[in-house]
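Report on one structure; see the data block that follows.
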Amino acid sequence: MSTLLKATDIVSGYLNRPVLHGVSLELAAGEVLAFIGPNGHGKTTLLRTLSGFVPFRSGEFEFDGQRLEKASVHDRVGAGLVHVPQGDQLFAEMSVEENLLMGSYLLRDGGEINRRLDQVFTLFPKLKDRRGQMANGLSGGERRMVGIGRGLMADAKLLMLDEPSLGLAPLLIEQIYEALGALRAEGRSFLVVEENPSRLLNFADRFSLMDAGHIVWSGNAQEARASSNILKTYLGGH
Ligand SMILES: Nc1ncnc2c1ncn2[C@@H]1O[C@H](COP(=O)(O)OP(=O)(O)OP(=O)(O)O)[C@@H](O)[C@H]1O
């Protein structure tokens with residue numbers, strides 16, 4: 001498999017507060033890499049650094065053959081690197097459809113936009129029924145679907161998902177992961193962050209455990225299951 005993303009020794013943070021202290025990761029096309037671990041240890045900061053919202057202080061970042069550590073957010077989206085942020089961050093006074101269309105703002109081809117919209121509605125039929133509804137009237141699960149759908153509208157080569165299960169009831173989490181599994185089966189690549197990673201054991205190919213801005217453990221799902229310390233501390237003993 002070809003390498004889609006390679007980042008080496010990322011150091012980044014906020015003002016005088018470094019958060020990531022030399023994080024390296026590599027992801028092949030079609031692969032799902034998960035970052036797990038307790039809150040406040042840099043998982044969100046990693047996604048924000050890769051997507052360009054937090055600058056690299058040092059380190060290198062190559063995505064789909066392009067060096068991107070100094071690129072704008074806009075150029076990274078254009079390269080196919082799309083961030084689905086924690087808490088959805090929808091435009092509250094805009095409809096479901098308008099929110100989705102914001103994801104394809106770089107595209108001018110109306111036919112292609114409609115094709116992607118149809119794909120999102122096939123994946124999340126509920127959104128088709130709600131397409132004219134304002135985002136502020138949606139349920140938590142519907143909001144999450146719009147957030148992911150907006151990422152798909154950008155035709156992401158890599159979707160970076162920040163806590164897709166956050167705040168959802170177990171049944172909805174299952175539905176969301178079922179949809180993500182369908183996208184994965186089509187060959188999409190994901191970088192996913194979850195505090196509680198039990199849902200990811202059937203979704204992610206590899207896991208990296210982040211602690212205080214360092215990767216302290218990496219392995220595949222089988223190794224995660226086999227590692228009693230990891231299971232006890234981070235996977236809730238499943
Ligand atoms: N905008 C910000 N300004 C200053 N410090 C921040 C900012 N955002 C996050 N931090 C700090 O950076 C550290 C890492 O936070 P980060 O959000 O990356 O962790 P996380 O593992 O993703 O947890 P969470 O899921 O709660 O976001 C924390 O100590 C946090 O307080």
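Based solely on C-alpha atoms, express the radius of gyration and the Dmax of the chain in angstrom.
17.3, 52
Which helices count as membrane-span-like in the chain under these terms: full DSSP H, at least 15 Å along the axis by C-alpha, Kyte-Doolittle mean of 0.5 or more?
Flagged H segments are 170-185.
Just by accessible area at a 1.4 angstrom probe, what is the order of Lys126, Lys70 from largest to smallest?
Accessible-area ranking of Lys126, Lys70, largest first: Lys70, Lys126.
Identify which of Leu127, Leu27, Leu171 has the largest mean-square fluctuation in a Gaussian network model of the chain, with springs joining Cα atoms closer than 10 Å.
Judging by the Gaussian network model, the answer is Leu171.
Give me the lysines in straight-line cross-link reach of Lys70: C-alpha distance below 25 Å, same-chain residues under 8 apart excluded.
Lys6, Lys43, Lys157
Tell me, what ³J(HN,Hα) does each residue in the stretch 21-35 have, in order and in whole Hz, if you take phi through Karplus 6.51 cos²θ - 1.76 cosθ + 1.60 with θ = phi - 60° and put x for Gly and Pro?
10, x, 9, 10, 8, 9, 9, 8, 4, x, 9, 10, 10, 10, 9
What is the antiparallel percent of DSSP beta bridges lying wholly in the chain, to the nearest 5?
Bridges in the chain that DSSP calls antiparallel: roughly 55 percent.
Which value, in debye to the nearest 20, describes the size of the charge dipole of the stretch 87-155 about its Cα centre when Lys and Arg Cβ atoms bear +1, Asp and Glu Cβ atoms bear -1, and nothing else is charged?
Magnitude of the dipole: close to 160 debye.
Rank these by accessible area, largest first, 1.4 Å probe: Leu33, Leu166.
Leu166, Leu33
Quick check for you: with a 1.4 Å probe and neighbouring chains kept, what is the accessible area per residue of the chain, in Å²?
Each residue of the chain exposes 46 Å² on average to a 1.4 Å probe.
Quick check for me: using +1 on Lys/Arg Cβ and -1 on Asp/Glu Cβ, what's the dipole size of the chain about its Cα centre, in debye to the nearest 20?
For this selection, approximately 160 debye.
In the neighborhood of Ala135, defined by Cβ-to-Cβ distances under 12 Å, what is the net charge if each Lys or Arg adds +1 and each Asp or Glu adds -1?
Summing Lys and Arg as +1 and Asp and Glu as -1 gives 0.
Report ³J(HN,Hα) in whole Hz for each residue of the stretch 56-70, in order, from the Karplus equation J = 6.51 cos²θ - 1.76 cosθ + 1.60 where θ = phi - 60°; Gly and Pro get x.
5, 8, 7, x, 10, 9, 10, 9, 6, x, 10, 7, 10, 4, 10
What order do Thr45, Thr3, Thr122 take when sorted by accessible area (1.4 Å probe), most exposed first?
If we order Thr45, Thr3, Thr122 from most to least accessible, we get Thr122, Thr3, Thr45.
With a/c under 1.5 counting as rounded, go ahead and sort the stretch 87-155 into rounded, prolate or oblate using the C-alpha gyration tensor (a ≥ b ≥ c being the square roots of the eigenvalues; past the cut-off, prolate if a/b is larger than b/c, else oblate).
Cα axes put the stretch 87-155 in the prolate bin.
Mean residue ellipticity at 222 nm from the helices of the chain, using -39,500 (n - 2.57) per DSSP H segment of n ≥ 4 over the full residue count, to the nearest 500 deg cm²/dmol?
Computed ellipticity for the chain at 222 nm equals -10000 deg cm²/dmol.
Would you mind telling me the share, in percent, of accessible area of the chain contributed by carbon and sulfur at probe 1.4 angstrom?
Carbon and sulfur atoms account for 49 percent of the accessible area of the chain.
What's the local net charge at Phe91, with K and R +1, D and E -1, over the other residues with C-beta under 13 Å away?
-2
Of Phe35, Gly52, Ser12, which is farthest on the positive side of the dipole of the chain, counting Cα position, with +1 on Lys and Arg Cβ, -1 on Asp and Glu Cβ, and the Cα centre as origin?
Farthest towards the positive end: Ser12.
What does the charge add up to near Ser58, with Lys and Arg as +1, Asp and Glu as -1, over the other residues with Cβ less than 13 Å from its Cβ?
In short, -1.
The values are calculated or read from the model by the stated rules, or taken from the named source; none is laboratory data. This one's a predicted model, so the numbers in the text were calculated from it and none came from an experiment. Positions of Cβ are backbone-derived with ideal geometry, glycine not excepted, and every protein chain shown enters the neighbour counts. Note: areas computed on protein heavy atoms with side chains; ligands, DNA, RNA excluded. Shrake-Rupley method; radii C 1.70, N 1.55, O 1.52, S 1.80 Å.
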